[in-house]
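The values are calculated or read from the model by the stated rules, or taken from the named source; none is laboratory data. All values derive from a computational prediction rather than experimental measurement. Neighbour counts are summed over all protein chains in view; Cβ atoms, including those assigned to glycine, are modelled from backbone coordinates with ideal geometry.
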Amino acid sequence: MRGKTVVLGVTGGIAAYKSAALCSKLAQAGADVRVIMTTSATQFVQPLTFQALSRHAVALDTFDERDPSVIQHIELADTADLIVIAPATANVIGKLANGIADDMITTTVLASLAPVLIAPAMNVHMYEHPAVQHNLATLKARGVQIFDPGEGQLACGYVGKGRMAEPEQLFERIMALLTDHRPLQGKRVLITAGGTIERIDPVRYLTNESSGKMGYAFAEIAKELGAEVTLISGRTMLASPAGVEVVSIESTQQMLDAVLERFNHTDIVIKAAAVADYRPASISKNKIKKNDGTLQLDLVKNPDILQQLGERKTSQFIVGFAAETENMEQYALDKLKRKNCDLLVANNVTLPGAGFGVDTNIVTLFDEQGVIESLPIMDKRQVARHVMELVAKRLANGKSGTLE
């Protein structure tokens, strides 16, 4: 990381103490760390701490111009290879989303062309507030990278989502960004995500609990690793990942058509969508009215997208998924072989932290030889990065190559 400049913005949250550890790790790795603190941040950690760790004076005030030959926030903006804001409070997130520049951090970000990574940290109810979520979605759409907070005991006493990512996690992400680690450069990746919808009538449908979070995490990571990414997305409430082509579909048949249209020009397929196995035999043109009797719904089998891809593949690397509730290893290996996958990611959705709708997952990876490894509970982006790095290594060594 020598020769790389990281501008570290520290805002007013108790997690500011973690930023000191992050600053130390970056400096030890050879990065030139320039720290900016808000006035509120100085109530939690003294500027002298960051000055000692970074070997640079800490920038505090937009009007504190110590060198008359430069304008400080412009110099920081121009020299930054990466801007990291950790912790990022709800206040600074709101300012950045709305283009407000009234302190040293926000003016620097607004003046810079460098990539931005923010690590939110706040009370769980603040984090879940629609205004904060809207602001995060706005920043994400502009290409700002968000390192989602973790869940656990918060300083306020609540237990929930809002803990700033650990310094080790942030350091790993920063290393990947600054060292231009792009093992999927030139590869075309096709990802399916979300749940499909099978219509019963104009107002009712069959679906499942999938949130799309796992597939969307894969899309974001594949893009970061240099791939050209197409995301075939079913039902979800998630914002589209920056720089990714998103194709919205509704039914399983529509997803199959979209995938097959692109399959021959794809290098890697990540089949993370939760696809409906069955659909109504017929769709009523009008809303079905309630009556005193029972309603019988006839279902027919949907096409098996993963099966068809396995039958058609030539040089494509296919990663399948299996969400199980029992006998996970047996079912996962059977699915991998029957559907001609190169890797299979399986999870037991009954385990806390591994089901639908949550931000974490607990997965086991399989290939034709059996279990490759079982991962502990991880953020879904971490799971996606781990799997995509493995795929890149397998492709580099040939599909039957070793993990090393």
**OP:** Please tell me if residue 13 is touching a residue at least 24 places away in the same chain (Cβ under 8 Å), of a type outside the set (Lys, Arg) and part of a helix (DSSP H, G or I).
**Re:** no
Note on residue 202: of the conditions (1) in contact with a Gly (Cβ under 9 Å, 6 or more places away or on another chain); (2) surrounded by fewer than 19 Cβ atoms within 10 Å (Cβ to Cβ), unmet is (1)
Some residue of the range 327-348 being more than 30 Å from residue 147 (Cβ to Cβ), in contact with a Cys (Cβ under 8 Å, 6 or more places away or on another chain) and of a type outside the set (A, V, I, L, M)
yes
Of the residues in the range 305-322, those that are surrounded by fewer than 21 Cβ atoms within 10 Å (Cβ to Cβ) and either among the basic types (Lys, Arg) or under 22 Å from residue 355 (Cβ atoms) (or both) number 2
Taking the range 315-354 and the residues there that are at pLDDT 95 or above and of a type in the set (S, T, N, Q), the one that is nearest to residue 266 (Cα to Cα) would be 316
Among strands (runs of 3 or more DSSP E) entirely within the range 225-276, at least 3 residues that are in contact (Cβ under 8 Å) with a residue 24 or more places away in the chain and closer than 26 Å to residue 395 by Cα occur in 228-233, 268-271
So the helices (runs of 4 or more DSSP H) completely within the range 287-404 holding 1 or more residues that are touching a helix residue (DSSP H, G or I) at 6+ places or on another chain (Cβ under 6 Å) and within 25 Å of residue 208 (Cβ to Cβ) are 305-312, 380-397
Listed by range, strands (runs of 3 or more DSSP E) wholly within the range 24-122 having at least 1 residues that are closer than 28 Å to residue 134 by Cα, touching a Ser or Thr at 6+ places or on another chain (Cβ under 7 Å) and modelled with pLDDT of 95 or more are 32-37, 82-88
Scanning the range 5-22 residue by residue, the ones that are in contact with a Pro (Cβ under 9 Å, 6 or more places away or on another chain) and either surrounded by fewer than 18 Cβ atoms within 10 Å (Cβ to Cβ) or not hydroxyl-bearing (Ser, Thr, Tyr) (or both) total 10
* Asked: Does the range 82-105 contain any residue that is without any contact (Cβ under 8 Å) to a residue 24 or more places away in the chain and within 23 Å of residue 26 (Cα to Cα)?
  -> no
